[in-house]
Amino acid sequence: TQLLEQSPQFLSIQEGENLTVYCNSSSVFSSLQWYRQEPGEGPVLLVTVVTGGEVKKLKRLTFQFGDARKDSSLHITAAQPGDTGLYLCAGAGAYQFYFGTGTSLTVIP
Amino acid sequence: KAGVTQTPRYLIKTRGQQVTLSCSPISGHRSVSWYQQTPGQGLQFLFEYFSETQRNKGNFPGRFSGRQFSNSRSEMNVSTLELGDSALYLCASSLGGTHGAEKLFFGSGTQLSVL
């Protein structure tokens, strides 16, 4: 079992604050993805990182893939209420993805 | 284009019954994956189908089964329902390549409650 641990599990911050979510594993992945899921909906893909050390930016979101391709981080700058949701990392396996334990983010206006 | 459609949206069953869930993937996508999501266990992989063939299966009992039709639509079946089967069942479609950069598109899920 390729377990992906995310931290923190829960995060509640004020609008405008910065935050970082971590995704760690003892396994190496060929790629890692980040999803956001809102209540009552399925996860929506935010980004895919493939190369060790890769950094991708999506507006106020910055994603980094660790050099050893075992871990990743998601940094949000100046969080907004619309960022509220469950953030999931997922590592690519053989015809499946291994999902992390999830980070529930609440941004308070 | 239309997204992934899962039906029904909600389902209430009693222990011992069986249930069939349906998933229509995005047009042109040939791979369909199924995941079970619970608060305690997160998203757990059930199985993946590509061109009517199961390519991978997760660690679930044989009560969980699935199939894919020639039009890529997929169904999953759970027999002899148990209370612990209560969960959100998510279907994801993708093009079906073997590369690790495959993009999954999820449906809104079927919320199954077993009483």
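The values are calculated or read from the model by the stated rules, or taken from the named source; none is laboratory data. In this text the structure is predicted, and so the values were computed from the model without any measurement. Here Cβ is always computed from backbone atoms with ideal geometry, including for glycine, and neighbour counts include all displayed protein chains. These area figures cover heavy atoms from the full protein model, side chains too; ligands, DNA and RNA do not enter into them. Shrake-Rupley method; radii C 1.70, N 1.55, O 1.52, S 1.80 Å.
Any residue that is of a type outside the set (Val, Ile, Thr) and within 11 Å of chain B (Cβ to nearest Cβ) - is there at least one of those in the stretch A:53-73? Among the residues of the stretch A:53-73, at least one is of a type outside the set (Val, Ile, Thr) and within 11 Å of chain B (Cβ to nearest Cβ), which makes the answer yes. Look at (1) more than 21 Å from B:Phe105 (Cα to Cα); (2) open to solvent by 50 Å² or more (accessible area, probe 1.4 Å); (3) out of contact with any Phe, Trp or Tyr (no Cβ under 8 Å at 6 or more places or on another chain) and you find that A:Thr101 fails only one, number (1).
Yes or no: B:Glu102 of a type outside the set (Gly, Ala, Ser), closer than 29 Å to A:Thr48 by Cβ and in a loop (DSSP other than H, G, I, E, B)?
yes
Here B:Ile26 passes the criteria (1) within 24 Å of B:Gly96 (Cβ to Cβ); (2) more than 13 Å from every other protein chain (Cβ to nearest Cβ); (3) modelled with pLDDT of 95 or more except the one numbered (2). Among the residues of the stretch B:35-57, count how many are under 20 Å from A:Gln6 (Cβ atoms) and touching a Phe, Trp or Tyr at 6+ places or on another chain (Cβ under 7 Å). Number satisfying all stated conditions: 6.
Restricting to the stretch B:58-71, count the residues that are at the interface with chain A (Cβ under 9 Å from one of its Cβ atoms) and either touching a Phe, Trp or Tyr at 6+ places or on another chain (Cβ under 8 Å) or closer than 18 Å to B:Arg15 by Cα (or both). Step through it out loud before you land on a result.
Just the residues of the stretch B:58-71 that are at the interface with chain A (Cβ under 9 Å from one of its Cβ atoms), to begin with: B:58-59.
Imposing the further condition that a residue be either touching a Phe, Trp or Tyr at 6+ places or on another chain (Cβ under 8 Å) or closer than 18 Å to B:Arg15 by Cα (or both) reduces the set to B:58.
Summing the residues that are at the interface with chain A (Cβ under 9 Å from one of its Cβ atoms) and either touching a Phe, Trp or Tyr at 6+ places or on another chain (Cβ under 8 Å) or closer than 18 Å to B:Arg15 by Cα (or both) in the stretch B:58-71 gives 1.
For the stretch B:11-29, a residue qualifies if it is surrounded by 15 or more Cβ atoms within 10 Å (Cβ to Cβ) and of a type in the set (D, E, K, R), and exactly one does: B:Lys13.
Results for (1) in contact (Cβ under 8 Å) with a residue 12 or more places away in the chain; (2) open to solvent by less than 70 Å² (accessible area, probe 1.4 Å); (3) within 26 Å of A:Phe29 (Cα to Cα); (4) within 13 Å of chain A (Cβ to nearest Cβ), shown as yes or no for each residue.
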| site | (1), (2), (3), (4) |
| --- | --- |
| B:Arg9 | yes, no, no, yes |
| B:Ser31 | yes, yes, yes, yes |
| B:Gln37 | yes, yes, yes, yes |
| B:Arg73 | yes, yes, no, no |
| B:Leu81 | yes, yes, no, no |
| B:Ser86 | yes, yes, no, no |
| B:Ser94 | yes, yes, yes, yes |
| B:Thr110 | yes, yes, no, yes |
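Tell me which residues, restricted to the stretch A:39-49, are within 20 Å of B:Pro25 (Cα to Cα) and part of a loop (DSSP other than H, G, I, E, B). Answer for the stretch A:39-49, where residues must be within 20 Å of B:Pro25 (Cα to Cα) and part of a loop (DSSP other than H, G, I, E, B): A:Gly40, A:Glu41, A:Gly42, A:Pro43. Can you say whether B:Phe47 is of a type outside the set (Lys, Arg) and touching a helix residue (DSSP H, G or I) at 6+ places or on another chain (Cβ under 9 Å), as far as the supplied structure shows? Answer is no for this residue.
For A:Ala94, state whether it is assigned to a loop (DSSP other than H, G, I, E, B), surrounded by 17 or more Cβ atoms within 10 Å (Cβ to Cβ) and of a type in the set (Gly, Ala, Ser). So that I can check it myself, show each step before the final result.
On the way: assigned to a loop (DSSP other than H, G, I, E, B): yes; surrounded by 17 or more Cβ atoms within 10 Å (Cβ to Cβ): no; of a type in the set (Gly, Ala, Ser): yes.
Judged against the criteria, A:Ala94 is not a match.
Residues that are open to solvent by less than 50 Å² (accessible area, probe 1.4 Å) and either among the polar types (S, T, N, Q) or out of contact with any helix residue (DSSP H, G or I) (no Cβ under 7 Å at 6 or more places or on another chain) (or both) within the stretch A:68-80 comprise A:Ser72, A:Ser73, A:Leu74, A:Ala78, A:Ala79, listed in sequence order. Of the residues screened, A:Pro109 is one that is touching a helix residue (DSSP H, G or I) at 6+ places or on another chain (Cβ under 7 Å), of a type outside the set (D, E, K, R) and at negative phi.
When the residues of the stretch A:1-50 are filtered to those that are charged (D, E, K, R) and within 13 Å of chain B (Cβ to nearest Cβ), the one that is least open to solvent (accessible area, probe 1.4 Å) is A:Arg36.
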